[in-house]
Structure formats: C-alpha cells, structure tokens
Amino acid sequence: MAGSSLATQAVDISHLRELARRRLPAALFGALDHGSEDDVAYQHNREVLQRIKLVHRVLNDVSHRDPAVTLFGKRHQLPLVVAPTGISSWIAFRGEVALARAAASSGIPFTLTSTTDTPMENVLNEGGGTQWYNPIIWRDTAASLRGVARARDAGFDALVLSVDSNVPYNRPHDQRNRVTFPMNIRPSNLLEAVRHPRWTFGTPTRYLLRERRLPAFTNISVPEGLSRADKQKFFVKDDSLTWEFLHRVRDVWPRTMVIKGILHPDDAQRAVEYGADGIVVSNQGGGTNDAAPSPVEMLPGVVAAVAGRVPVLVDSGFRRGSDVLKALALGADAVMVGRAPLYGLSAGGEAGAHHALSLLGQEITRMMGVIGLSGLSELGRDHLMLPGDLEHFAGPGMPWKGPAMAARSHVDVESPAGVR
C-alpha cells in the first residue's frame, strides 16, 4: 500500500509522527500525541533527555556491536519493550496484532493492554514473540482479576501492573474534541472522518464490515446484563487500591510481575518487598500527573533503591536511540516505547510499526559505535554529562572551571581560539 511504503521511507520518529498527524483524524491524533492538562510533563520528559549529553570514548574497536539485553531470563535483540497502549485498536485495524508482530520481528517484548479489541489469545497466537499483559484494575476488582487469570492461562510471559493511573485523567484536549472513554464515533466526528479517508476505510469501516461493530473491550470481563449506564459505571478504575492488592494479584499470577508507574525510590523498594519482579519508572508519558518529574530524573534514585534485586525499566519521552543509551547509562535495564511505534502504526500499519522499531534499533547500534561501545555492558555513568557535571570533566586551571567560565564566555563563543 502507498501509505505503508511512505511510512517505511521515514527517516526518524519525528518523520513518522508527521505522517501519523496527516493520516489520523485530529481528535484521534490529539489523544495519541497529548498528555494531561497543559502538557508540561509531556514536554518536560523530552527536555530532560535532551539536556543529557553522551561523552564519546575513542579508539575502541567497535566493528562488531551487540545491542542485545537479557530480561527475566530471555535474551532480546534490543534494549526495548513495546509499552501498553490502549488506543492501538482505533489507530489501525487490529493494531495490537500489528504491534505484536512488529515487536516479534524486532526481537523485543510486546505489552498488550486490556483496553484493546482483539482477544488476547488471538494476539498471542497471531503476534508471536514474547508478550506481556497489562490489566486495567476497575472498581470491580474480581472482574479485573478474572482477566489476569485469563492472561495466565493464555500463556503471557509477564504481567505489567500500572499503579499510577487509578483516578480519571484530566485531558482538556480530549474534552474539547469530545473524545470519550470508551471511545466511539460521534456525529461531530464525521467531518474529520471524511477528511481522512485512508483511516476511515482502513480502520472503522473494516471493523464494521468484518466484525459488524466498532472496537470493543473483548479482554475485559464485563458482567452480563448491565445497562448502558451501569456499563459506564463499570469502566471506572479502582482508586482504593493499596499495596496489599499486590498479594491478591500474586495469588492469581505465578509468573513475572512488573510494577509500572513508580517514581519515588521508596515506592520502588516497597514494590520489591511486595513481590515485584521488575519496576518500570514512568509518568505514563505525561498522561496522568502534569506536575510530575521526568522518569529519567528519578531513575538513578530508583536504581539505587532497588540495588540490583530486580530489573528496572523506564519509559516516557523516548524518540531517539541516543535517548535509550542515556537511560541505560543511568542504570535502566531496558526502555519501554509507546508513542514511537504508534506513530509508525498510524502512518503505515504493521510495516510502519516495524520501521519505527527498526529506526530506533539502528540509532542505538550506530550511537554505540559513536561513543565507543561494542556491548551495552560497557555503558556507564562515565559516558554521561548531566547538567552540573562540567566541573567533573574540567581539570585544574581549565578556563571554563568555576568563575572563570563566566568571565571568558564571550571569548569562547566569538573567538576561534576559544572553541573547544
């Protein structure tokens, strides 16, 4: 298809984002591309990553570079995991299957969330590869735990439990566009549908023709016989959860359990004490707490608190391979990516999603060579320069060390002799 071909010619994730913006209706792209409230946390996530610098080391043999990592006993080709994203069913027809296939062909895990359309068993069978499951915990916790048991019986490798989004989101952009949860097409959306025929005929029309319905939550155990009003009440997250709930989950789930949404080191330590096998440092891509710090800012403290007992992953704001290496140098074992593969999925379906992951993989491998690495185990804090680190690299008497830097700043910028 022409759209798929165009997506696979994209040169980076920002290029895929622009293609996604053109293809999707404005309301749907806004739901994908915005965070909560004023997008402060969403933008801050990127700003923090951009302020971190990678210090290259030279004259190392980097002719053979291996970006593989091992997570929970399995080796993966890249230090990436596709994050759970419930909007995938609306972005592309059976988008979650396309994402799973793209992850499998890239040699990385895929995380399916419960708010997607394709039955989880089908996603496992058709998507292949290593798959994790992310359940949403509703006020009807018994129904939620039935979904966990279903994922267990289906054979998912790990459970990813999000713990930082148990109250309703405040997303003015969605409110202005009348985007509701669960999502639906309203008469007010029809004009946008006409303006975006590739999406209209490729996604909702295909659901209607093949499934005789629009995307639904087939992986959620909704009690039968509920009225429309009662169904709306059912889809409310449980804001009364405590740490003890992890014991209830563990009673149902015997395999790897990853706790997602940790920022504070004390919470990370407590999660391990309550049986977590892994941690994801996350602010949901800026989608919940608009005043939140960046996960990358909090990552070193969480890594120190966990002290190597379990793997630590991180997400939110990653758009370049260099971003991934920065997180690994700060102690992360891998990085979850959500929006990046969704941009690819939006632009070109499965081929676009695979291309997004391929772009990140190529950038990771290239940047490893740039900074002098043949393997990720060689990456460490000495490859980083963080804000405030300049004096660490400046020897005695260096003109940019301490007060002398301010006095000579105009010379350094304007004079060739001051260029370093």
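What the table below lists for this structure:
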quantity: Pair list, Cβ under 7 Å, 6 or more apart: segment 55-71 residue in contact (Cβ under 8 Å) with a residue 60 or more places away in the chain and assigned to a loop (DSSP other than H, G, I, E, B), other residue open to solvent by 40 Å² or more (accessible area, probe 1.4 Å) and of a type outside the set (Gly, Ala, Ser); calculated: 55/385; 56/370; 68/75; 68/77
quantity: Selected residue (criterion: most open to solvent (accessible area, probe 1.4 Å)) from residues of segment 233-250 that are in a helix (DSSP H, G or I), of a type in the set (D, E, K, R) and at pLDDT 85 or above; calculated: 248
quantity: Some residue of segment 59-67 being within 30 Å of residue 112 (Cβ to Cβ) and at pLDDT 95 or above; calculated: yes
quantity: Qualifying residues in segment 280-300 (those that are among the hydrophobic types (A, V, I, L, M, F, W, C) and assigned to a loop (DSSP other than H, G, I, E, B)) - the one surrounded by the fewest Cβ atoms within 10 Å (Cβ to Cβ); calculated: 291
quantity: Pairs where the first residue, in segment 213-232, is surrounded by 10 or more Cβ atoms within 10 Å (Cβ to Cβ) and assigned to a loop (DSSP other than H, G, I, E, B) and the second is modelled with pLDDT of 90 or more and polar (S, T, N, Q), C-beta under 6 Å, 6+ apart; calculated: 215/89; 217/115; 219/114; 220/114
quantity: Residues located in segment 301-314, provided they are open to solvent by 10 Å² or more (accessible area, probe 1.4 Å) and of a type outside the set (Lys, Arg); calculated: 301, 303, 304, 305, 307, 308, 310, 311
quantity: Selection status of residue 342, at negative phi, out of contact with any strand residue (DSSP E or B) (no Cβ under 7 Å at 6 or more places or on another chain), open to solvent by less than 20 Å² (accessible area, probe 1.4 Å) and in a loop (DSSP other than H, G, I, E, B); calculated: no
quantity: Test: residue in segment 251-270 that is in a helix (DSSP H, G or I), out of contact with any Lys or Arg (no Cβ under 8 Å at 6 or more places or on another chain) and touching a residue at least 60 places away in the same chain (Cβ under 8 Å); calculated: no
quantity: Meets criteria (crowded, with 21+ Cβ neighbours inside 10 Å and either acidic (Asp, Glu) or at positive phi (or both)) for residue 349; calculated: yes
quantity: Residue 122 vs. criteria more than 20 Å from the chain's Cα centre (by Cα) and over 30 Å from residue 329 (Cβ atoms); calculated: yes
quantity: Extreme residue, farthest from residue 135 (Cα to Cα), among residues of segment 190-212 that are touching a residue at least 24 places away in the same chain (Cβ under 8 Å) and part of a loop (DSSP other than H, G, I, E, B); calculated: 196
quantity: Test: residue 275 is over 30 Å from residue 383 (Cβ atoms) and surrounded by fewer than 23 Cβ atoms within 10 Å (Cβ to Cβ); calculated: yes
quantity: Every pair of residues 6+ apart whose Cβ atoms lie under 9 Å, when the first sits in segment 135-155 and is touching a residue at least 60 places away in the same chain (Cβ under 8 Å) and within 17 Å of residue 239 (Cβ to Cβ) while the second is aromatic (Phe, Trp, Tyr) and assigned to a helix (DSSP H, G or I); calculated: 137/245; 138/234; 139/234; 140/234; 141/245; 143/234
quantity: Residue count, segment 15-45 (criterion: open to solvent by 50 Å² or more (accessible area, probe 1.4 Å) and over 24 Å from residue 179 (Cα atoms)); calculated: 1
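The values are calculated or read from the model by the stated rules, or taken from the named source; none is laboratory data. Values in this document were obtained by computation on a predicted structure and should not be read as measured data. Because the Cβ atoms are built from the backbone with ideal geometry, glycine has one as well, and the counts that use them run over all protein chains shown. For accessibility, only protein heavy atoms count, side chains too; no ligands or nucleic acids. Shrake-Rupley method; radii C 1.70, N 1.55, O 1.52, S 1.80 Å.
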